[in-house]
Amino acid sequence: MGLFSRRRDPESPAEPFQFTVDKVFVVPVRGVVCTGTVTSGTVRVGQAARITLDEQSRSVTVSRIEAYGKKRSSAAAGEQAGLFLGGLTMGDVPTMPGHDGSLKDGDGLAGAQVVSVF
């Protein structure tokens, strides 16, 4: 490799990522976390993304990634992880029907897609 050759930045994603949500939780002080599976690409902390809620696309930022109880800087295709999403609030998490609105529905966003933004 020559002196002025360009190397790929190991911190930049090689391809767009896609993440399928299984469950959603509100963690006091930390915010909203979506658990699920990275279906393609690699997701990294600080990466901009979009999630579709009620037919509307919302901008979010991956503020933290956890997998198997450990903090991670990234998660690759096929891995299960929890993504803490900046830009979502407790009000964005659906509530359980038949309650006073105080009980959150952990399955309310199941199947939602979080995708990277370029």
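The values are calculated or read from the model by the stated rules, or taken from the named source; none is laboratory data. As the structure is a prediction and not an experimental result, all values here were calculated from the model. No Cβ is skipped: glycine too gets one built from the backbone with ideal geometry, and neighbour counts run over all protein chains shown. Remember, those area values only see protein heavy atoms, side chains included, never the ligands or the DNA or RNA. Shrake-Rupley method; radii C 1.70, N 1.55, O 1.52, S 1.80 Å.
Do we have any residue at all in segment 18-27 that's of a type in the set (Phe, Trp, Tyr), at pLDDT below 95 and more than 17 Å from GLN113 (Cα to Cα)? No.
Taking first residues from segment 19-36 that are over 9 Å from LEU85 (Cβ atoms) and touching a residue at least 40 places away in the same chain (Cβ under 8 Å) and partners that are among the aromatic types (Phe, Trp, Tyr) and open to solvent by less than 10 Å² (accessible area, probe 1.4 Å), the Cβ contacts under 7 Å between residues at least 6 apart in sequence or on separate chains come to GLY36/PHE19. Here are the criteria: (1) modelled with pLDDT under 85; (2) more than 20 Å from PRO16 (Cβ to Cβ). Tell me which single one GLY69 does not satisfy. The one condition GLY69 does not meet is (1).
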